[in-house]
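**Student:** If you scroll down you'll find the structure; I have some questions about it.
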Amino acid sequence: MPGLDPAAFKGKVSIVNVWASWCVPCHEEVTLLTELSKDTRLQLVGISYKDAPDEALRFLRRHGNPFGIVGVDGNGRAAIEWGVYGVPETFIVGRDGKIVYKLVGPLTADNIGGALKSEIDKAVRAIWVVGNP
């Protein structure tokens, strides 16, 4: 699994999910992430957090890989930079590459249908001018 290039976020609305194979709620989120991955307005990015590579791959094979891009944070350093408290956590990243929303804890049908959907819609509607920092 590759790392994440910050350029992958530019010009796209991204849902970034920080997960691990050893995280029980992460197993339960996969169905919801798979549904989110069908939204063509978004790119779904996964960050495997402090996980053994073979276990992370086994998790993705078992549940299906909902992510268009998967990065690895084996030592937890990237999670610190993202401000992650624990897994799972989900972020919405705007077209400018900046975090516009953070959900601490597992995805549920309720929070996807409520706050997350509203924030996704706002991020998609936001105007992004090419070349703006």
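**Student:** Starting from the stretch 63-133, pick out the chymotrypsin sites (Phe, Trp or Tyr not before Pro) whose DSSP state is loop and whose Cβ has at most 12 other Cβ atoms within 10 Å.
**Tutor:** Y85
**Student:** Right, another one. Counting only DSSP beta bridges with both residues in the chain, what percent are antiparallel, rounded to the nearest 5?
**Tutor:** 45
**Student:** For the chain: lysine pairs with Cα atoms under 16 Å, gap of 8 or more or different chains, count?
**Tutor:** The result is 8.
**Student:** Rounded, prolate or oblate: which fits the stretch 11-125 when a ≥ b ≥ c are the square roots of the eigenvalues of the alpha-carbon gyration tensor, with rounded for a/c under 1.5 and prolate only if a/b beats b/c?
**Tutor:** Taking the square roots of the gyration eigenvalues as a ≥ b ≥ c, the stretch 11-125 is prolate.
**Student:** Quickly estimate the mean residue ellipticity at 222 nm for the chain, helices only: each DSSP H run with n ≥ 4 gives -39500 (n - 2.57), and the total goes over all residues, rounded to 500.
**Tutor:** -8500 deg cm²/dmol
Only the coordinates and a few stated rules stand behind these numbers; no lab work does. Note that the structure is a prediction, hence the values are computed from the model and not measured. Positions of Cβ are generated from backbone atoms using ideal geometry, with glycine treated the same way; all protein chains shown enter the neighbour counts.
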